[in-house]
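Accompanying notes for the structure given below.
The values are calculated or read from the model by the stated rules, or taken from the named source; none is laboratory data. Fair warning: this is a prediction, and the values are worked out from it, not measured in the lab. Cβ sites come from the backbone with ideal geometry, for glycine too, and all protein chains shown count toward neighbours. Quick note on the areas: whole protein, heavy atoms, side chains included, nothing else; ligands and nucleic acids left out. Shrake-Rupley method; radii C 1.70, N 1.55, O 1.52, S 1.80 Å.
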Amino acid sequence: MRQRPIGTATRGTTNPNRLRRMDRWIAAVHGPALRRAETPVAVDLGYGAAPWTAVELLARLRTAEPRTAVAGIEIDPERVAAAKPYEREGLTFVHGGFEIPLAVRPVLIRAANVLRQYDEDQVAEVWARLRSRLAPGGLLVEGTCDEIGRRHVWVALGPEGPRTVTFATRLGSLERPSDLAERLPKALIHRNVPGEPVHAFLRDFDRAWAAASPYASLGARQRWIAAVRALSAHWPVTDGVRRWRQGEVTVAWDALRPDDR
């Protein structure tokens, strides 16, 4: 007898290209793991009322590894039925939830805008369940973005636990880095208060951004790079200029981890 799907249906909101920043980061950073995998399977968990994000994930991951296959998993059976006509070689849609009902352990699970509706104290359990389904060397990417993908923050987790937090934005829309606070994932969004590491990080990022204002005449990209370079003197930034140029910065999870975890 098949296990009942674990989880709760999301609102289903989705738009084409909404997750492009996350997809491109995954392809760049996790591409080597996809290429090493015997069966490079990725999961788009909770893709929503339309299948666009799964379709796009397949296209972007195949730029890193052409053998990649994507399974879109949704807890709402009507959404799965609506997505079935979009299936093709390498792309399937499956009814399920956090149990990840696949015969093969995936090298990647992407859960975007899924945990926003859950309580903060449920996050660790969900993370643990999803991590347990990963293949060796696999990655769980869980985060939140706005409706058109201008601002996005995600946590990357390996089978052992959280590794990094990435902040990504369309630089032309950014007034200050702390604007990204509204898109912090569930594990961090209620921790953006004085005394918490993520609050200190965003405070320091705003100060670095202000100090880099002379670079604004060269464009928002150069200002962002200068601000992140200054920030990296005090925070464990784990990436480099190539990613910063994309409007990203990635920081070690341990530096932002809530104080009671």
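Over region 60-125, what lengths in whole Å, largest first, do the semi-axes of the equivalent ellipsoid take, defined as the square roots of 5 times the eigenvalues of the alpha-carbon gyration tensor?
Values: eigenvalues 105, 54, 24 Å².
Semi-axes, largest first: 23, 16, 11 Å.
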>> Give me the extension gain from V104 to K84: residue separation times 0.36 nm, minus the current Cα-Cα distance, reported in nm with one decimal.
In response: 5.2 nm
>> Give me Rg/Rg_expected for region 1-145, where Rg uses Cα atoms only and Rg_expected = 2.2 N^0.38 Å with N residues.
In response: 0.95
>> Once ligands and nucleic acids are excluded and a 1.4 Å probe is used, how much of Y47 is accessible, expressed in Å² to the nearest 10?
In response: 10
> Which whole-percent values make up P(r) of region 117-212 when all C-alpha to C-alpha distances are grouped in 5 Å steps starting at zero?
Replying inline: 2, 12, 21, 22, 19, 13, 7, 3, 1
> Of all the C-alpha pairs in region 99-142, what % are more than 15 Å from each other?
Replying inline: 41
>> Just to confirm the number: angle between the C-alpha axis of helix 20-36 and the first principal axis of the chain, 0 to 90 degrees, nearest 10?
In response: 60
> Where does helix 197-211 land angle-wise versus the long Cα axis of the chain, in degrees 0 to 90, nearest 10?
Replying inline: 50
> Rg/Rh for the chain: what does it come to with C-alpha atoms and Rh from Kirkwood?
Replying inline: 0.97
> Using the alpha-carbon atoms, what tilt in degrees (0 to 90, nearest 10) does helix 52-61 show relative to the longest principal axis of the chain?
Replying inline: 70
>> Going 7 Å from the Cα of S173 along its beta-carbon direction, which residues of region 50-81 have the amide nitrogen within less than 17 Å of the resulting point?
In response: 53
> Roughly speaking, what is the centre-to-centre gap between region 178-221 and region 100-162 when only Cα atoms are used, to the nearest Å?
Replying inline: 23
> Relative contact order of the chain: what whole-number percent is it, with Cα pairs under 8 angstrom and at least 6 residues apart?
Replying inline: 15
